[in-house]
Amino acid sequence: MNLASGAHAETVANDGTVNLGMSLPLSGPQASNGLALKGGVESYLQYVNQNGGIFGRRIQLVTLDDGDDVARTVANTKKLLDESRVLALLGYHGTAAAEAVLPLLAVAGAPLIGPTSGAESLHEPFNRHVFNLFASYKEETEAILNQLDFQTLIEVAVLHQNDRFGQTGLKDAEAVMLKLSLRKNSVGVVATNSRDVAQAVKTIAEGKPQAVLMICSPLSAAEFIRQMHKAGLFPQFIAASYMDVGALFKELGPEARGIAISQVVPFPWGSDLPLLRQYQMLAKQHSAQPISVYGLQGFMAAKLAVEAMQKAGRNFTREKLLSALEADYDLGGYRLRFRRDNHSGSKYTEMTVITRDGKLSR
């Protein structure tokens, strides 16, 4: 039977195994992020399997490479739902990938647990099949601007790319600034993923802002920062978690030191939460991937999936899992709250800065 035809209540577990699925960029420019996500999920699932599995069944992770190509993501997802008969999908990478599979989730009645994107489209309007473990970009923007307000960095410029993502980010920032004592100093615009930032630099430099919120690609951000420094301007540069720190440091090197990046998960290298200690221990035991933000996100998605499976009972169906997910969960100091009309599980954010050697520090 084709599960994407609506067999929501059919049991999707063999006698000895139950499948979970991921379509990820395991090749191409985003491969490091995809491999980190996969490693985080595998770390927790291997631990569960070594301790008897779930109701005596082994959890099998089925992963397919999409190379960060949305068409491949859709094709992979159809295979995962129809052929591999996965109970749930975990941790899709990026906004475009997650948005593209939403119609498939609705038809198959399957949950997507822990997409890495904070796009508002995955939060509003409410989608019964999407379970967001992490704060939205809008919530990150509010946290960033509250931090600047606390530091009395009042004059704030915005650099945004000229597309829906950048324009939405600018609109969110303007709305928050109206509630705070911040002033929109100036706005610079850059084409998506472009190094042509000269006009944006000229516009923003004239205002001499104390801080610049960057809503753009690492390529654009790096060239903008480089040219601002050459102009003798050193405001606080800041971005949300969508900014790829590795790519930014590759472009800037030590010049990236001090750039602030908000995060939607606890500091992966910290030890203050049971979740972090467990992740670090299991990642070292079961994964070749280094400790990372993406690794922790994958680990958390897997842990939530397993806890919800335990709550759903041994006769796994996608519908039972959906109902079980709508509850309160504590992943080890990181708490989630899902309700029948709200699947935005957490508003957690914290700030980090890039060090001289390209790492993150609290």
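Condition check: over 23 Å from residue 145 (Cα atoms), assigned to a loop (DSSP other than H, G, I, E, B), open to solvent by 10 Å² or more (accessible area, probe 1.4 Å) and not basic (Lys, Arg). Does residue 290 satisfy that? For residue 290, the condition - over 23 Å from residue 145 (Cα atoms), assigned to a loop (DSSP other than H, G, I, E, B), open to solvent by 10 Å² or more (accessible area, probe 1.4 Å) and not basic (Lys, Arg) - is met.
Listed here are the residues, each with its yes/no results for (1) of a type in the set (Asp, Glu); (2) open to solvent by less than 10 Å² (accessible area, probe 1.4 Å).
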{"site": "116", "(1), (2)": "no, no"}
{"site": "126", "(1), (2)": "no, no"}
{"site": "129", "(1), (2)": "no, no"}
{"site": "136", "(1), (2)": "no, yes"}
{"site": "151", "(1), (2)": "no, no"}
{"site": "163", "(1), (2)": "yes, no"}
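Residues of segment 190-234 being open to solvent by less than 10 Å² (accessible area, probe 1.4 Å) and either without any contact (Cβ under 8 Å) to a residue 40 or more places away in the chain or in a helix (DSSP H, G or I) (or both), which ones? Residues satisfying the conditions are 190, 197, 200, 204, 220, 221, 222, 224, 225, 228.
Note on segment 268-282: residues that are open to solvent by 10 Å² or more (accessible area, probe 1.4 Å) and either under 21 Å from residue 35 (Cβ atoms) or among the basic types (Lys, Arg) (or both) amount to 5. For segment 47-57, a residue qualifies if it is touching a residue at least 12 places away in the same chain (Cβ under 8 Å) and either surrounded by 17 or more Cβ atoms within 10 Å (Cβ to Cβ) or within 17 Å of residue 299 (Cα to Cα) (or both), and the qualifying residues are 47, 48, 54, 57. Just checking, how many residues over segment 165-185 are part of a helix (DSSP H, G or I) and either open to solvent by less than 50 Å² (accessible area, probe 1.4 Å) or more than 22 Å from residue 348 (Cα to Cα) (or both)? Result for segment 165-185: 9. Note on segment 313-355: residues that are at pLDDT below 95 and either over 26 Å from residue 19 (Cβ atoms) or open to solvent by 30 Å² or more (accessible area, probe 1.4 Å) (or both) total 2.
Regarding residue 44, is this residue out of contact with any Pro (no Cβ under 7 Å at 6 or more places or on another chain), of a type in the set (Phe, Trp, Tyr) and either within 20 Å of residue 305 (Cα to Cα) or touching a residue at least 12 places away in the same chain (Cβ under 8 Å) (or both)? Taking the combined requirement at face value, the residue satisfies it. A Cβ distance below 6 Å, combined with a sequence gap of six or more or placement on separate chains, defines the contacts here; from segment 76-96, residues that are touching a residue at least 40 places away in the same chain (Cβ under 8 Å) and in a helix (DSSP H, G or I) reach residues that are surrounded by 24 or more Cβ atoms within 10 Å (Cβ to Cβ) and among the charged types (D, E, K, R) in the pairs 76/66. The criterion of being crowded, with 18+ Cβ neighbours inside 10 Å and either touching a Cys at 6+ places or on another chain (Cβ under 7 Å) or farther than 30 Å from residue 323 by Cα (or both) does not hold for residue 285.
With respect to being open to solvent by less than 10 Å² (accessible area, probe 1.4 Å), modelled with pLDDT of 95 or more, of a type outside the set (Ser, Thr, Tyr) and assigned to a loop (DSSP other than H, G, I, E, B), residue 110 fits the description. Filtered by the rule that a residue be at pLDDT below 70 and of a type in the set (Gly, Ala, Ser), segment 1-50 gives 4, 5, 6, 7, 9, 13. Take residue 249 and tell me if it is open to solvent by 10 Å² or more (accessible area, probe 1.4 Å), in contact with a strand residue (DSSP E or B) (Cβ under 7 Å, 6 or more places away or on another chain), part of a helix (DSSP H, G or I) and closer than 28 Å to residue 134 by Cβ. Yes, satisfied. Any residue that is outside any helix (DSSP H, G or I) and at pLDDT 95 or above - is there at least one of those in segment 274-284? Within segment 274-284, none of the residues are outside any helix (DSSP H, G or I) and at pLDDT 95 or above. Being over 18 Å from the mean Cα position of the chain (by Cα) and assigned to a helix (DSSP H, G or I), is that true of even one residue in segment 327-346? So far as segment 327-346 goes, no, none of its residues is over 18 Å from the mean Cα position of the chain (by Cα) and assigned to a helix (DSSP H, G or I).
The values are calculated or read from the model by the stated rules, or taken from the named source; none is laboratory data. These figures come from a predicted structure and were not determined experimentally. A quick note on method: Cβ atoms are made from the backbone with ideal geometry, for glycine too, and the neighbour counts reach across all protein chains shown. In case anyone asks, the SASA skips ligands and DNA or RNA and just uses the protein heavy atoms, side chains included. Shrake-Rupley method; radii C 1.70, N 1.55, O 1.52, S 1.80 Å.
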